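What follows is a short report on a single structure.
What follows is calculated from the coordinates using simple rules that are stated; it is not laboratory data. Since we're looking at a predicted model, the values are computed, not measured. Please note: Cβ atoms are built from the backbone with ideal geometry, for glycine as well, and neighbour counts cover all protein chains shown.
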Amino acid sequence: MPNIAERLNENAAARPNHVAIKVHDTELSYAVLEEAAARVASLLRAKGVEPGDRVGIMLPNVAQFAACYYGALRAGAAVVPMNPLLKDREIAFYLRDSEAQALLAWHQCADAAHAGAEQAGIECVLVEPGQFETLLERCQPAPEIVARRADDTAVILYTSGTTGKPKGAELTHHNILRNVEITVGLFRLDERAVMLGALPFFHAFGQTCALNASVSVGARLTLIPRFEAGNALEILERDRVTVFAGVPTMYAAMLHHPNAGRTDTASLEICVSGGAAMPAEVMRAFEERFGCQILEGYGLSETSPVASFNRPDRPRKPGSIGLPVDGVEMRLIDDRGDAVPQGEVGEIAIRGHNVMKGYWRRPDATAEAIDRAGWFKTGDLARADEDGYFFIVDRKKEMVIRGGFNVYPREIEEVLYEHPDVREAAVIGIPHPELGEEVAAAIALKAGARSTAADVRDFVKQRVAAYKYPRHVWLMDELPKGPTGKLLKREIKPPDEPAKGCG
């Protein structure tokens, strides 16, 4: 099984002048992208990066992401993708934990990136259009791709349940390449396809199903650095997009945009949804408005990510995450690990080529998540019908999905507890009409404390990425607890007007 970077080289040789990536009015051919990646590999080697080392990449969906991503892989390094919205303390954690040797960061997050890299004791290279290309011109293209084994780590994606610090899911070259093959088949991709890259590449969904899938077949990828419904509709029409992959909130925003009825989407062949449950009404209305089919799927960072999907050539069941993909098994288990009867709710367990190598240097967490038979326990609860289609019921884990972004309550609670006036804190998700869920926090203050809900909210806002901090904060005398003193989040209900005056 080759290095992932070889897929770029294959298409640069086969169709050098074919457009690989378009951003705004700028187009990069496969030959130009491959040369840029080769120069990035050379730059990283000059910075001391060796095969097997880790490299942080903190960029939005721009052409330079692809050059840095394939450049790091070409050098034999493992990529640590990071959200450009992260703050310095979060950046420092990711870099220290992964023992990264360098950070490539977008110029617009320079302050946080430099501060985080400095705390981690490594160099930060800023990626600023024009200046970065000038820097690369001084580097001779690395002529060869470093050979990697199938089970060598290609990407470390940070995730966490509710148990504290994020954990790095190690995805191998085999994990990703096999998942890319699955995606190409499901989406019916070939070199004629035009895909809209609206999903962030630092996330498994966008990285595998958009970036790697497009590059693997020599397709064209047209990017949106920051999703906005009106802009997405313009690009659908302008570039004659054939494939769109997004999260439900993107579909809802495009459906309800004033220009929805005036956009020519005749080229659109297939739409793919994941990341959260797609409301049946949104699916029906979107398909009717835009004349396309939406296929809903399911996966996690730990599963590369695709685990199940509705097939284009089989009956589709709205509300279902479909059937396991080729080479992957899914079953529903109880707390003892035994299979539950058909039709009953159980935790989804997954086994196959898509399951991660493990959590980076966390054998305890790996052993807890993956049993000796290779089954990965997802923490998601579902039921299966008589045809084998799975339907998500709830999340065993308490993760909040805000507009497609994962927010882990424990991480935010730890920041809340750093506030000198906070005695107890519980973070939950509450329904939001556009985002799906909004982050909310119930707080009990220490005796005599004078902080307001707004004070606490702003304290967190300064310390975590913008999508993570709780927009709704309310104060309580005491948070509900069970007989053992454990906080009962299911008993926490927002007031009728949560965070009034401080949302």
How much FRET efficiency would the formula 1/(1 + (r/R0)^6) give for Tyr467 and Gln108, where r is the Cβ-Cβ distance and R0 is 22 Å, rounded to 0.05? 0.85
Calculate I(q)/I(0) for segment 1-91 by the Debye formula, one identical point scatterer on each C-alpha and no solvent, and give its log10 at q = 0.13 Å⁻¹ to two decimals. -0.45
Can you give me the Cα centroid spacing of segment 27-96 and segment 258-337 in angstrom? 30
Within 10 Å of each residue's Cβ, count the other Cβ atoms and sort Thr134, Thr366, Thr172 from fewest upward. Thr134, Thr366, Thr172
Whole-Hz ³J(HN,Hα) for each residue in segment 44-59, computed from phi via Karplus 6.51 cos²θ - 1.76 cosθ + 1.60 with θ = phi - 60°, x for glycine and proline: what do you get? 5, 4, 5, 8, x, 6, 10, x, x, 6, 10, 10, x, 10, 10, 9
Between Glu269 and Arg138, what FRET efficiency comes out of the Förster formula 1/(1 + (r/R0)^6) with R0 = 41 Å and r the beta carbon distance, rounded to 0.05? 0.45
What shape does segment 114-203 take by its C-alpha gyration tensor, where a ≥ b ≥ c are the square roots of the eigenvalues and a/c under 1.5 counts as rounded, a/b above b/c as prolate, and the rest as oblate? oblate
For Ala198, what charge total do you get from the other residues with a beta carbon under 12 Å from its beta carbon, if Lys and Arg give +1 and Asp and Glu give -1? 0
Farthest towards the positive end of the dipole of the chain, among Tyr359, Pro420, Leu44 and with Cβ unit charges of +1 on Lys and Arg and -1 on Asp and Glu, lies the Cα of Pro420
Determine the relative contact order of the chain: mean sequence separation of Cα pairs under 8 Å and six or more apart, normalised by residue count, in whole percent. 11
Antiparallel as a % of all DSSP beta bridges within segment 72-212, to the nearest 5? 50
What is the magnitude of the charge dipole of segment 51-162 about its Cα centre, with +1 placed on the Cβ of each Lys and Arg, -1 on the Cβ of each Asp and Glu, and no other charges, expressed in debye to the nearest 20? 200
Approximate spin-label separation Glu418-Asp455, in nm, with each point projected 7 Å along Cα-to-Cβ: 1.8
Where labels lie 7 Å past Cα in the beta-carbon direction, separation of Glu99 and Asp313 in nm: 4.6
Which FRET efficiency value, to the nearest 0.05, is calculated for Asp477 and Ala14 with the Förster distance at 51 angstrom and r the Cβ-Cβ distance? 0.15
Sort segment 400-491 into rounded, prolate or oblate with this rule: let a ≥ b ≥ c be the square roots of the eigenvalues of the Cα gyration tensor; rounded if a/c is under 1.5, and if a/c is not under 1.5, prolate when a/b is larger than b/c, oblate otherwise. oblate
Give the long-range amide H neighbours of Ser451: residues separated by 5 or more places, or on another chain, with amide H under 5 Å away, using H modelled in the peptide plane at 1.01 Å from N. none
Whose amide H sits under 5 Å from the amide H of Ile21, counting only residues 5 or more places off or on another chain, with H placed in the peptide plane? Leu28, Leu221
About the Cα centre of segment 400-491, how large is the charge dipole given +1 on each Lys and Arg Cβ and -1 on each Asp and Glu Cβ? Please answer in debye to the nearest 20. 100
Antiparallel bridge percentage (DSSP; both residues within the chain; nearest 5): 60
Estimated [θ] at 222 nm from DSSP helical runs (n ≥ 4, -39500 (n - 2.57)) normalised by residues in the chain, nearest 500: -8000 deg cm²/dmol
Could you pull out every residue, at least 5 positions away or on a different chain, whose amide H is within less than 5 Å of the one on Ala169? Hs are placed 1.01 Å off N in the peptide plane, and Pro or chain starts have none. Leu157, Tyr158, Thr159, Trp360
Cα centroids of segment 412-438 and segment 445-472: how far apart, whole angstrom? 9
